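The structure appears below as structure tokens.
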Amino acid sequence: MTTDHPWIDEDLQLFRDSARRFIEKEVAPQEAHWAEQGHVDRPIWNRFGHAGLLCPSIPEQYGGGGGHFGHDAVVALEMGRALAIGPNVNVHSGIVAQYILRYGTEEQKLRWLPKMASGEFVGAIAMTEPGAGSDLKSVKTQAIRSGDDWVISGAKTFITNGWLADLVCVVVKTETGAGARGVSLIVVETKDLSGYRRGKILEKIGLKGQDTSELFFDGVRVPYSNLLGVETGKGFGQLMEQLPQERMIIALGCVATMQRAVEETAAYARARVVFGQPLLSLQNTRFKLAECSTKATVARHFVDSCMAMVLQGKLDNETAAMAKWWCTQANCEVVDECLQIHGGYGYMTEYPIARMYVNARAGKIYGGSNEIMKELIARGLAARV
């Protein structure tokens, strides 16, 4: 069996077909409605869970699909292909659930993962603060031990899934003045939690259906056992170990979006008549589409090679950073050129290319800004000189 991605075997292709059917039927038609209200309707998460599309790489003993990262990657591809950005299952399944699986105790896995797999819990990760973005060592949110509890105080912003989240993995300082060694991850169950408050859903230029919000912790008390793992001060290392996988999810979404942009634009250019002939017959249009198709193809092959490394457990931080920054940059460039070919229609939200345009820009910021990605790559180069 052959697919457009060599790492997608027969099992993954069957899973991909199922994911595509569900997303096209249940998700894509609701995107305009969700964009208007600024968040998804909560039941969609339960439907994702019922369809087996949440936590597909989590072992069956914890309620997941028993697959591997390739299954999360397939969902990311299909969400990107369908321009489905409202329910951020990538953060839920590909990031939050992975932290719990990798670092949680057995009791934590049994307590949280089945509810995430079913959609009973929506997961979010709270890293960014008003004064600390990509510099995770500088977070100010504190967690102080008080008997059998942690008392958490601080604020987080730009939190994906934040408005609906039932389970938030919070990056905190458990020891001030210790830099990276003072960072820990504490999992917070939000229902009826005293001192926990959601701020407004943030108004963005794109990704409008995603419930991105502020979160406030005012002396929030959670059990000491909610510390992810069994030791404090391990959070920064946990974050660094998992970020390459997060960056691959971002790159995969870009690959799917670029391919969709080229296909949509080629179809438009074939149908659009200018000066008595199809727009696609004009040399400038043909050359621009050739450039865009080349970038999309280069991105796909690079990301496919990265996926092969991920599935073998060999993807390093530098290569993941390369994939993240280059693909998000290429995505913006391709979508911009494709919008230009659409002319004035490309600026109308009824055309998919317009939605791609406003959604693509955030990719260069989240998951670690592209400037930080280049710094990580440069540090690796310097260390080898």
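The values are calculated or read from the model by the stated rules, or taken from the named source; none is laboratory data. Remember, predicted model here, so these are calculated numbers, not experimental data. FYI the Cβ positions are ideal-geometry reconstructions off the backbone, even for glycines, and counts take in every protein chain you see.
Below, the figures for the structure above:
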{"item": "Positions within the stretch 1-51 being of a type in the set (Ser, Thr, Tyr) and within 17 Å of LEU252 (Cβ to Cβ), in sequence order", "result": "THR3"}
{"item": "Number of the condition not met by VAL96 [criteria: (1) crowded, with 22+ Cβ neighbours inside 10 Å; (2) touching an Asp or Glu at 6+ places or on another chain (Cβ under 7 Å)]", "result": "(2)"}
{"item": "Qualifying position, being more than 19 Å from ILE95 (Cα to Cα), over 20 Å from the mean Cα position of the chain (by Cα) and in contact (Cβ under 8 Å) with a residue 60 or more places away in the chain, among VAL172, VAL222", "result": "VAL222"}
{"item": "Evaluation of LEU311 against (1) in contact (Cβ under 8 Å) with a residue 40 or more places away in the chain; (2) over 22 Å from HIS5 (Cβ atoms); (3) not charged (D, E, K, R) (one fails), failing number", "result": "(2)"}
{"item": "Top-ranked residue in the stretch 138-166 [being under 27 Å from GLN210 (Cβ atoms) and charged (D, E, K, R); ranked as surrounded by the most Cβ atoms within 10 Å (Cβ to Cβ)]", "result": "LYS156"}
{"item": "Test set (1) without any contact (Cβ under 8 Å) to a residue 12 or more places away in the chain; (2) more than 26 Å from ALA378 (Cα to Cα) - ILE353 fails condition number", "result": "(1)"}
{"item": "Odd one out for TYR347, checked against (1) surrounded by fewer than 18 Cβ atoms within 10 Å (Cβ to Cβ); (2) without any contact (Cβ under 8 Å) to a residue 40 or more places away in the chain; (3) out of contact with any Leu (no Cβ under 8 Å at 6 or more places or on another chain)", "result": "(3)"}
{"item": "So GLN312, is it surrounded by fewer than 21 Cβ atoms within 10 Å (Cβ to Cβ) and either modelled with pLDDT of 95 or more or closer than 30 Å to SER281 by Cβ (or both)", "result": "no"}
{"item": "Options GLY52, GLY38: the member that is surrounded by fewer than 21 Cβ atoms within 10 Å (Cβ to Cβ), outside the structural domain of ALA354 (by TED's automatic domain parsing) and modelled with pLDDT under 95", "result": "GLY38"}
{"item": "Restricting the stretch 167-193 to residues that are of a type outside the set (A, V, I, L, M, F, W, C) and under 20 Å from THR128 (Cβ atoms), the residue that is surrounded by the fewest Cβ atoms within 10 Å (Cβ to Cβ)", "result": "THR176"}
{"item": "Only one of VAL96, VAL91, VAL122, VAL75 that is within 23 Å of GLY199 (Cα to Cα), touching a Lys or Arg at 6+ places or on another chain (Cβ under 9 Å) and of a type in the set (Val, Ile, Thr)", "result": "VAL122"}
{"item": "Unique residue being hydrophobic (A, V, I, L, M, F, W, C), in contact with a Cys (Cβ under 7 Å, 6 or more places away or on another chain) and within 19 Å of ILE95 (Cβ to Cβ) when the list is ALA256, ALA299, ALA251", "result": "ALA251"}
{"item": "Checklist (1) loosely packed, with under 14 Cβ neighbours inside 10 Å; (2) modelled with pLDDT of 95 or more; (3) within 24 Å of ASP72 (Cα to Cα) applied to GLN283, failing item", "result": "(3)"}
{"item": "Helices (runs of 4 or more DSSP H) within the stretch 18-84 that include 2 or more residues touching a residue at least 12 places away in the same chain (Cβ under 8 Å) and closer than 14 Å to PHE121 by Cα", "result": "43-50"}
